[in-house]
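Working notes, beginning with the structure itself.
The values are calculated or read from the model by the stated rules, or taken from the named source; none is laboratory data. Values in this document were obtained by computation on a predicted structure and should not be read as measured data. Because the Cβ atoms are built from the backbone with ideal geometry, glycine has one as well, and the counts that use them run over all protein chains shown.
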Amino acid sequence: MIFYPPDDPFLINNAVFGIPIVIRWYGVLIMSGAMLGTWLAARRARHRGHNPDHVWNILTLGLLMGIAGARIYYVIFEWSRFGGDLGMMIDITRGGLAIHGAIIGAMLTGIIYTRVKKLSFWEWADLFMPGFLLAQSIGRWGNFFNQEAYGVPTTLGFGVRIDGQHRLPDYPLSEYPPDTLFHPTFLYESLWNLTGVGLLLLLDRWYGTHEPARKRWLRHGDLLFIYAIFYSLGRFWIEGLRTDSLYLGPLRTAQVVSLVLIGAGIVALFVNHRRKHSHADAKHEPTSSPSHE
């Protein structure tokens, strides 16, 4: 199977009454993923007896902090490229968003919002995690339309074609003809994340904190820690195929961060299950009607 991105990364690129209207497929997919992921989180919150308005409030702040975090993270590790040019640093229309920075921004959003509203961060993080992975899965397709985040050439007969103007200098048309196939790492990560959505939902359904005591194994925070482990396992091996990695010295930054998150997630799960049960963990069922925290 061969994937070939459209020549035009724009959904709309016209002027209306002299006003330029520019909408990229990348932005559409990011927003579509965010909306679907938030819808899933809101549904889960309502099912647990919580006010789903909190979910949409977190989305509003989370989008801003997530994009800011993604850009700041990228700029830090590509500092020499920007040369102190503030205009280039804030211009995201040319690409340059790092998912680990977006995750940091999203986590900070959750911490701030739950503290202000006096909610349990760990419980609400668990509510969000399947939807967060769903958003990542859909958003990755933006890389397809931008012809970016692809992997090294492959001879498997399955891959993505990349136009010459979107290739890195290591893969010129003179050495790699137009029909060269590259690993579709955006697709690998999208499918991996989608698998993770199913895993988290099944674990929560079978062993969640809302289940009767005889079936309950998960504690508040566990889905967040499992997310960190699962996502990072996939990101580690997929990053090894990519051609546009950020580097920390000789090491791929995303792989280093992934190893840290895997270790942290395992330790956090262990510690979480060593502590005594809290009142929140002892709940057998959600409240019968939505609360309005």
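Go through the stretch 1-38 and report how many residues are farther than 18 Å from Phe144 by Cα and either in a strand (DSSP E or B) or not β-branched (Val, Ile, Thr) (or both).
Residues meeting the conditions: 13.
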Of the residues Trp25, Trp39, which is in contact (Cβ under 8 Å) with a residue 60 or more places away in the chain and touching a strand residue (DSSP E or B) at 6+ places or on another chain (Cβ under 7 Å)?
-> Trp25
In the stretch 9-51, which residue that is of a type in the set (Phe, Trp, Tyr) and surrounded by fewer than 18 Cβ atoms within 10 Å (Cβ to Cβ) is farthest from Leu194 (Cα to Cα)?
-> Phe17
Within the stretch 19-61, which residues are modelled with pLDDT under 95 and hydroxyl-bearing (Ser, Thr, Tyr)?
-> Tyr26, Thr60
Would it be correct to say that Trp206 is touching a helix residue (DSSP H, G or I) at 6+ places or on another chain (Cβ under 8 Å), without any contact (Cβ under 8 Å) to a residue 60 or more places away in the chain and more than 19 Å from Tyr73 (Cβ to Cβ)?
-> no
Within the stretch 57-121, which helices (runs of 4 or more DSSP H) (wholly inside it) include 2 or more residues that are within 15 Å of the chain's Cα centre (by Cα)?
-> 99-117
Return the only residue of Met129, Met107 being surrounded by fewer than 21 Cβ atoms within 10 Å (Cβ to Cβ), closer than 29 Å to Trp25 by Cα and in contact with a helix residue (DSSP H, G or I) (Cβ under 9 Å, 6 or more places away or on another chain).
-> Met107
Output for Cβ contacts, cut-off 6 Å, separation at least six or different chains, first residue touching a residue at least 24 places away in the same chain (Cβ under 8 Å) in the stretch 232-259, second part of a helix (DSSP H, G or I) and β-branched (Val, Ile, Thr), reads Ser232/Ile262; Ile238/Thr185; Leu241/Thr185; Arg242/Thr185; Leu246/Thr253; Leu248/Val256
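Residues checked against (1) over 25 Å from Asp8 (Cβ atoms); (2) touching a strand residue (DSSP E or B) at 6+ places or on another chain (Cβ under 8 Å); (3) surrounded by 21 or more Cβ atoms within 10 Å (Cβ to Cβ); (4) in contact (Cβ under 8 Å) with a residue 12 or more places away in the chain:
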position: Ile111; (1), (2), (3), (4): yes, no, no, no
position: Lys117; (1), (2), (3), (4): yes, no, no, yes
position: Trp124; (1), (2), (3), (4): yes, no, yes, yes
position: Pro153; (1), (2), (3), (4): no, yes, no, yes
position: Phe158; (1), (2), (3), (4): no, yes, no, yes
